[in-house]
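Everything on this sheet refers to the single structure shown next.
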Amino acid sequence: MRLLTRRISGGLSAKRRSRFAAPVVLLLGLLITGGAYAALAPANANTKTDDATTIAKGRALFLVGCASCHGKNAEGILTVRGKNYGPALAGVGAAAVDFQVGTGRMPMAQPGVQALQKPPAYNADEIEALAAYVASLGTGPSIPSADQYSGKVSNQELVEGGEFFRTNCTACHNFAAAGGALPGGKFAPSLVGVSAKHIYEAMLTGPQQMPVFSNGVLTPQDKKEIISYLKSSETEPNYGGFALGSIGPVSEGMFAWLGVGVLVGFAVWIAAHTSRSKKKKEA
Amino acid sequence: MSNAKTNGTKPATAEKSSKAAGAATWADDRLGIATMAKKQIRKVFPDHWSFMLGEIALWSFVTLLITGVFLTFWFKPSMTDVVYNGSYSQLRGLPMSEAYASTLNISFDVRGGLLLRQMHHWAAMLFIAAMLVHMMRVFLTGAFRKPRELNWLIGGVLLLLGIVEGFAGYSLPDDLLSGTGLRIADGLVKATPVLGSYMSFFMFGGEFPGDSIVSRLYTVHILLVPGLLLALIGAHMLLLVYHKHTQWPGPGRTEQNVVGYPMMPVYAAKAGGFFFIVFGTVALMGGLMTINPVWRFGPYNPAEVTAGSQPDWYMGIAEGLLRIMPGWETHLWGFTLSWNIFIPGQIAPIALLSLVLGYPFIEQWITGDKREHHLLQRPRDAPTRTAFLAAMITVYGLLWAAGGNDILAHVFHLNLNKITYFMRGGIFIIPPLVFLLAKRWAISLQRSDNDRLLHGYETGVIMRDAQGGYTERHLPISEAEAYTLTARERDHIYVASSTVDANGVAAPAARMDTLRAKLSHLWFKDYLQKPTVEELEEGHHHAEIEHEHDVPLEGHAADGHQFDGRHDIAGEELRQH
């Protein structure tokens with residue numbers, strides 16, 4: 001072993017004056033720097049989406065399925081009144097595409113106050129290609145990696161996630177993440193059953209009416225905690241019995257009146273059964 | 001020991017009394033129970049399902065007392081900060097008030113605590129709903145008329161107290177929802193012109209949320225209001241016994257008697273059984289259906305709020321008023337008058353409550369009917385009153401829906417703003433339409449009653465006469481039914497006395513009198529009165545003539561005429577061809 005290392009170092013030492021030495025060292029340095037950057041840098045430098053063929057494929061898909069609203073170069077289209085027909089997409093990032101297309105919100109079935117969730121129209125490869133194309137238009141948040149939105153958290157972090165959720169999310173999404181109404185026919189959808197990746201992307205990109213919760217507002221750790229709180233709530237049993245929609249006292253009131261209806265029914269039943277002495281035997 | 005079972009030679013001696021009888025005698029000798037009970041256990045109550053609606057409220061209240069006592073053993077009415085260390089992991093380690101922590105403790109660590117807490121809450125919802133249903137029955141049948149106006153007032157105050165009690169209970173756990181509710185209450189108080197902020201600081205012991213509201217509401221919730229409720233329920237039932245129960249008109253039933261069964265054993269058994277039915281229903285609801293999942297709301301924090309923040313259903317009307325009120329404010333000399341909260345939050349509820357409580361007196365004044373009434377009216381025989389209730393139910397329903405506008409928008413994919421705009425108009429337009437519809441409906445039912453009296457009931461038997469024409473056979477209704485239908489009194493429109501006195505001087509009360517006459521006219525003008533004796537006789541006569549027409553056909557009638565309802569049809573059947 002020792003002999004081997006000595007031989008290599010000896011060889012290297014002998015060749016250090018070679019005319020190829022400088023370019024090789026430079027090349028190695030560049031490779032290490034680039035590799036380290038790729039491995040350690042924030043995820044928005046997604047190496048995979050840089051692939052030119054993927055981008056080209058994404059562009060082809062984009063021209064067929066998206067350009068009619070977003071414009072041929074994703075520059076956006078304005079309506080006659082100057083409103084957004086389809087917004088410009090430069091800089092929205094791969095995360096926005098992955099969320100909108102991955103949850104079926106894009107392409108929209110019809111214009112409306114809000115894009116509705118439906119089965120996705122594209123498969124995973126196509127979504128990746130579309131995301132790569134849009135990401136190539138300008139820097140934006142990239143698709144988060146699995147360890148960002150999932151993984152074990154301590155109970156303390158989970159409780160903290162609950163606090164973040166109640167402070168930032170319940171006002172629109174409701175205490176049980178069952179969703180709620182917003183002005184003008186818009187709404188905050190239910191978060192129950194939404195994948196952790198999509199919740200993370202939604203916080204990162206602020207789709208539809210949702211504000212952007214950038215990493216400066218909610219750190220990646222905070223986001224992860226919120227997601228683990230939501231996921232643990234989903235698996236939590238309904239301690240009190242049927243949840244009645246988890247939408248608060250309105251549905252409870254409806255069931256209270258059903259209960260009174262039942263009791264009135266019992267009153268009718270009791271009154272219909274009067275004392276036995278009065279009953280005549282049927283012939 | 002000898003029992004008198006035979007006609008033996010030995011004289012009969014009394015059988016040794018049982019232990020229960022011994023105890024009863026012991027108690028009677030000291031308390032005089034027998035004399036008191038002798039009268040009450042023979043008290044007669046009329047039998048009808050609608051007379052048992054108040055009982056639902058009573059038994060829900062008893063359930064509330066039982067479950068409530070249980071909850072007081074563990075609930076800590078304190079706003080002191082503690083760190084939760086109980087078994088609900090989603091909130092463990094979180095700082096919260098002691099009240100909320102003890103509510104979580106009841107829900108997760110006290111055996112049967114969650115069941116009892118949910119039963120308590122469901123019973124409260126049923127209590128107020130049952131009071132309203134009972135109140136509607138009393139209203140629709142005119143049971144609030146003299147001599148029962150005071151009992152109507154007591155009932156109205158009971159309803160109000162029930163709502164206050166419910167709101168206090170809703171606020172106690174100090175979860176996110178109850179804190180949000182208190183914040184709204186704080187807003188309502190602060191909307192009082194000039195005094196608002198002083199009143200709010202007084203109520204919360206400083207700026208909202210302070211640290212004393214929970215302990216204060218606790219005293220209100222477990223001592224003050226339940227005490228008042230108990231006392232008033234006692235008074236309500238004493239008056240019921242004193243006035244005797246009202247009854248439906250019918251043969252043998254008059255304004256002077258009560259026809260029914262005695263308290264013992266029939267009603268004691270029925271009422272006792274009903275308690276267990278109510279308790280059982282509440283237990284089922286508490287065991288099967290989540291109510292107020294405080295653990296999901298989290299502790300109260302003024303910086304947080306959740307979508308779907310609503311009060312319990314009985315406050316829905318107040319919530320609805322607040323939600324549809326336009327945002328009107330006036331700024332005067334640096335002061336803000338919040339009409340947007342003051343009108344829906346204070347003026348409107350007080351106005352509605354006064355209308356409800358004052359109704360017996362308003363109706364009395366308009367109709368001029370100040371006689372005693374122990375026989376009930378059918379809703380159709382008081383169309384204006386019935387229609388008024390229908391309109392009020394509509395107001396209530398619309399406002400309740402307006403209070404849940406975000407839930408409606410979300411569940412039914414509607415536009416939140418459009419619901420609000422619809423309600424703003426609807427609250428003024430829909431109730432009058434419902435009023436007209438209900439009134440005409442009631443009058444149509446009166447017309448159908450008169451038809452039954454005059455022409456009999458429709459038998460469904462179609463007769464063909466000699467000329468080939470078809471008629472439906474009507475037969476007279478039974479005597480008992482005719483008696484019941486004609487038991488109602490004729491209505492009299494109030495006529496204003498002369499606006500000037502004998503000397504031509506304007507009478508001082510003339511204007512009010514004219515108004516009263518006008519209202520009375522509007523009240524009664526479309527009512528149908530029951531047929532007169534002459535009309536009834538005419539009707540019977542007509543039926544007789546019709547029958548005589550058929551007599552010559554006797555024996556020669558076409559096939560099927562034997563089923564005209566006047567013949568014995570045992571063994572009859574249609575000819576088979």
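The values are calculated or read from the model by the stated rules, or taken from the named source; none is laboratory data. Keep in mind that what you see is a predicted model, and the values were worked out from it rather than measured. For neighbour counting, all protein chains shown are included, and Cβ atoms are generated from backbone atoms with ideal geometry for every residue, glycine included. These accessible areas exclude ligands, DNA and RNA; they are computed on the full protein's heavy atoms, side chains included. Shrake-Rupley method; radii C 1.70, N 1.55, O 1.52, S 1.80 Å.
The single condition among (1) more than 16 Å from residue A:163 (Cβ to Cβ); (2) in the same structural domain as residue A:155 (by TED's automatic domain parsing) that residue A:241 does not meet is (2). Tallying residues that are facing another protein chain (nearest Cβ under 7 Å) and in contact with a helix residue (DSSP H, G or I) (Cβ under 8 Å, 6 or more places away or on another chain) within segment A:237-274 yields 25. For segment B:517-528, a tally of residues being under 14 Å from residue B:495 (Cβ atoms) and open to solvent by less than 40 Å² (accessible area, probe 1.4 Å) returns 4. With the structure loaded, tell me whether residue B:440 is open to solvent by 80 Å² or more (accessible area, probe 1.4 Å) and over 29 Å from the mean Cα position of the chain (by Cα) or whether it fails that test. Here the answer is no, as residue B:440 does not meet what is asked. Could you tell me which residue of segment B:320-338 is farthest from the other protein chains (Cβ to nearest Cβ), considering only residues that are closer than 18 Å to residue B:420 by Cα and open to solvent by 60 Å² or more (accessible area, probe 1.4 Å)? The selected residue is B:328.
Sub-6 Å Cβ pairs linking a first residue in segment A:164-186 that is facing chain B (nearest Cβ under 7 Å) to a second residue that is crowded, with 18+ Cβ neighbours inside 10 Å and of a type in the set (Val, Ile, Thr), at least 6 apart or interchain, are A:170/B:306; A:171/B:305; A:174/B:306; A:175/B:306, ordered by first then second residue.
Scan segment B:111-132 and tell me whether some residue there is over 31 Å from the mean Cα position of the chain (by Cα) and not polar (S, T, N, Q). Show your work before the answer.
Let us first name the residues in segment B:111-132 that are over 31 Å from the mean Cα position of the chain (by Cα), namely B:111-112.
Narrowing the set further to residues that are not polar (S, T, N, Q) leaves B:111-112.
Yes: segment B:111-132 contains one or more residues that are over 31 Å from the mean Cα position of the chain (by Cα) and not polar (S, T, N, Q).
For segment B:82-96, the count of residues that are away from chain A (no Cβ under 12 Å) and among the polar types (S, T, N, Q) is zero. So is residue A:152 touching a helix residue (DSSP H, G or I) at 6+ places or on another chain (Cβ under 9 Å), open to solvent by less than 60 Å² (accessible area, probe 1.4 Å) and of a type outside the set (Ser, Thr, Tyr) or not? In short, no. When B:271, B:191, B:231 are screened for being small (Gly, Ala, Ser) and modelled with pLDDT of 95 or more, only B:231 passes. Looking only at segment A:197-220, decide whether some residue is away from chain B (no Cβ under 12 Å), of a type outside the set (A, V, I, L, M), under 28 Å from residue B:412 (Cα atoms) and free of Cβ contacts under 8 Å to residues at least 40 places away in the same chain. There is at least one residue in segment A:197-220 that is away from chain B (no Cβ under 12 Å), of a type outside the set (A, V, I, L, M), under 28 Å from residue B:412 (Cα atoms) and free of Cβ contacts under 8 Å to residues at least 40 places away in the same chain. Checked against (1) without any contact (Cβ under 8 Å) to a residue 12 or more places away in the chain; (2) assigned to a helix (DSSP H, G or I), residue B:111 passes all but condition (2).
Table: residues versus (1) within 29 Å of residue B:85 (Cβ to Cβ); (2) open to solvent by less than 10 Å² (accessible area, probe 1.4 Å).
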site: A:126; (1), (2): no, no
site: A:140; (1), (2): no, no
site: A:156; (1), (2): yes, no
site: A:165; (1), (2): yes, yes
site: A:168; (1), (2): yes, no
site: A:172; (1), (2): no, no
site: A:183; (1), (2): no, no
site: A:197; (1), (2): no, no
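In this structure, does residue B:249 turn out to be away from every other protein chain (no Cβ under 11 Å) and at pLDDT 90 or above? For residue B:249, the condition - away from every other protein chain (no Cβ under 11 Å) and at pLDDT 90 or above - is met. For segment B:382-407, taking the residues that are open to solvent by 50 Å² or more (accessible area, probe 1.4 Å) and farther than 30 Å from residue B:512 by Cα, the one that is nearest to the chain's Cα centre (by Cα) is identified as B:396.
The residue that is nearest to the other protein chains (Cβ to nearest Cβ), among those in segment B:398-427 that are within 17 Å of residue A:114 (Cβ to Cβ) and assigned to a loop (DSSP other than H, G, I, E, B), is B:415. Answer yes or no: is there a residue in segment B:373-381 that is part of a loop (DSSP other than H, G, I, E, B) and open to solvent by 50 Å² or more (accessible area, probe 1.4 Å). Taking every residue of segment B:373-381 in turn, at least one turns out to be part of a loop (DSSP other than H, G, I, E, B) and open to solvent by 50 Å² or more (accessible area, probe 1.4 Å). The residue list B:317, B:222, B:233, B:291 contains one member that is within 13 Å of another protein chain (Cβ to nearest Cβ) and in a helix (DSSP H, G or I), which is B:317. Residue A:58 meets the conditions (1) surrounded by fewer than 21 Cβ atoms within 10 Å (Cβ to Cβ); (2) within 30 Å of residue A:145 (Cβ to Cβ) in every case but one. The failed one is (1).
Restricting segment B:50-76 to residues that are among the β-branched types (Val, Ile, Thr) and open to solvent by less than 50 Å² (accessible area, probe 1.4 Å), the residue that is nearest to the other protein chains (Cβ to nearest Cβ) is B:56. Sort out for me the helices (runs of 4 or more DSSP H) sitting completely within segment A:80-179 that have 2 or more residues that are in contact with a His (Cβ under 9 Å, 6 or more places away or on another chain) and over 30 Å from residue B:94 (Cα atoms). Fully inside segment A:80-179 and qualifying: A:93-102. Residues in segment B:32-49 that are within 8 Å of another protein chain (Cβ to nearest Cβ) and in contact (Cβ under 8 Å) with a residue 60 or more places away in the chain: B:47, B:48.
Taking the residues in segment B:408-427 that are at pLDDT 95 or above and of a type in the set (Gly, Ala, Ser) as candidates, determine which candidate is farthest from the chain's Cα centre (by Cα). Ranking the qualifying residues of segment B:408-427, first place goes to B:425. For segment B:144-162, the criterion of being of a type outside the set (Gly, Ala, Ser), over 17 Å from residue B:237 (Cα atoms) and open to solvent by 30 Å² or more (accessible area, probe 1.4 Å) is met by at least one residue.
Taking the residues in segment B:240-265 that are free of Cβ contacts under 8 Å to residues at least 24 places away in the same chain and part of a helix (DSSP H, G or I) as candidates, determine which candidate is nearest to residue B:115 (Cα to Cα). Looking at the filtered set, the residue picked out is B:265.
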